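A quick write-up on the structure given underneath.
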Amino acid sequence: MTDVSHTATGMPPAQRSWYRRNRLAVTPWLFLAPAILFFTVYVILPIFQSIWISFYEWDGLGEKVWVGTANYVELMDDDRFYTSLKNNVIWLVLYMLAVPAGLFIALFLNQTVTGIRLYKSLFFFPFVISQVVVGLVFAWFYDPSNGILALIYSIWDGKPPAILSDERYVTYGIIAAGLWPQIAYCMILFLTGLNNVSPDQIEAGRLDGAKGWRMLWHVVLPQLRPATFIAVVVTVIGALRSFDLVSIMTQGGPYGSSNVLAYYMFETALSEYGYRMGYGAAIAVILFLIMMVYISFFLWRMYVQEKRGG
């Protein structure tokens, strides 16, 4: 009717603006634009800047000197780098215990019994406290003279090990401290996932005779794939960027035996012993590549599983 009336009066039909014709496609990007901008400025650009700096010798203030791949070549002969890399592998392997532990605690808490809210609060508590506090608490716990571990050993008149001063135990002691809040975080993710489990599928599984482990493996876990994916990715990132606890509890000691790549990067680039920005950036690039390879592999496996399931 509008076009006919315009034709009858000799006026051209009204033209809608480009935005009105494409607003359904454009509007979501307008909402995403601030997040994309911040992600680009504070994540993507620093990654490429670190890669660029890794090819220079630079103290952070003076003139940059191009050295090419010399920093990476030096890393290949750096014993402290290999110690940090080995510790990161240990962190990565043992930190993954947080995922099944968080799942089983979530399964325990996902029931309606008297006092369950109190239990949930107790298990949730480690997640809300600072990593600095966790480090200080465990450093006191491990204290061989006045800590709780010393009191436990004193019951049997034993001598407690100096965990944070012994090269054999220090990395495992710090990992144990890190697992405490990480398990709580995984538990929260799985509790959220369990709330979205389809009761119809549970009932169908019961009718087919599934219970216990079979119910968990064939009915519950497939529905927890999104929560499992997030838990694994966050746990991997947490293991590879383990800095706070190392800094608070040992500062890489004794004799650098508890160093990890993140702390060694800081120690090399920013501490009073370093100011080698290029060398520290090279360590950061290696850490980034390890993280990307591991997460990309897991993403690929998830994609294959989803494709086969579909």
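The values are calculated or read from the model by the stated rules, or taken from the named source; none is laboratory data. Bear in mind the structure is a predicted one, so any value in this text is a computation, not a measurement. Ideal geometry is used to build each Cβ from the backbone, glycine not excepted, and the neighbour counts take in all protein chains shown.
Could you tell me whether the range 131-150 includes any residue that is in a helix (DSSP H, G or I), among the hydroxyl-bearing types (Ser, Thr, Tyr) and either surrounded by 16 or more Cβ atoms within 10 Å (Cβ to Cβ) or not assigned by TED's automatic domain parsing to the domain that holds Leu179 (or both)?
Scanning the range 131-150 turns up at least one residue that is in a helix (DSSP H, G or I), among the hydroxyl-bearing types (Ser, Thr, Tyr) and either surrounded by 16 or more Cβ atoms within 10 Å (Cβ to Cβ) or not assigned by TED's automatic domain parsing to the domain that holds Leu179 (or both).
Which residue is nearest to Val73 (Cα to Cα), if the candidates are limited to the range 271-288 and must be assigned to a loop (DSSP other than H, G, I, E, B) and without any contact (Cβ under 8 Å) to a residue 24 or more places away in the chain? It comes out as Gly274.
Tally the residues that are among the hydroxyl-bearing types (Ser, Thr, Tyr) and surrounded by 14 or more Cβ atoms within 10 Å (Cβ to Cβ), restricting the search to the range 32-59. Before you say what the answer is, go through the steps one by one.
Here is the first cut: in the range 32-59, the ones among the hydroxyl-bearing types (Ser, Thr, Tyr) are 40, 42, 50, 54, 56.
With surrounded by 14 or more Cβ atoms within 10 Å (Cβ to Cβ) added as a condition, the list becomes 50, 54, 56.
Matching residues across the range 32-59 total 3.
Under the condition of being within 23 Å of Leu299 (Cβ to Cβ) and either among the basic types (Lys, Arg) or assigned to a helix (DSSP H, G or I) (or both), the residues counted in the range 202-228 number 9. Looking at the range 44-65, is at least one residue among the β-branched types (Val, Ile, Thr), modelled with pLDDT under 95, touching a helix residue (DSSP H, G or I) at 6+ places or on another chain (Cβ under 9 Å) and not in a helix (DSSP H, G or I)? Yes: the range 44-65 contains one or more residues that are among the β-branched types (Val, Ile, Thr), modelled with pLDDT under 95, touching a helix residue (DSSP H, G or I) at 6+ places or on another chain (Cβ under 9 Å) and not in a helix (DSSP H, G or I).
Within the range 153-168, restricting attention to residues that are without any contact (Cβ under 8 Å) to a residue 60 or more places away in the chain and outside any loop (DSSP other than H, G, I, E, B), which residue is surrounded by the fewest Cβ atoms within 10 Å (Cβ to Cβ)?
The selected residue is Ile155.
Could you list, in sequence order, all residues of the range 93-109 that are of a type in the set (A, V, I, L, M) and assigned to a helix (DSSP H, G or I)? Give the steps one after another, and end with the answer.
So in the range 93-109, the residues of a type in the set (A, V, I, L, M) come out as 93-94, 96-99, 101, 103, 105-107, 109.
Correct list: Val93, Leu94, Ala98, Val99, Ala101, Leu103, Ile105, Ala106, Leu107, Leu109.
Under the condition of being exposed (fewer than 15 other Cβ atoms within 10 Å of the Cβ) and among the hydroxyl-bearing types (Ser, Thr, Tyr), the residues counted in the range 60-111 number 2.
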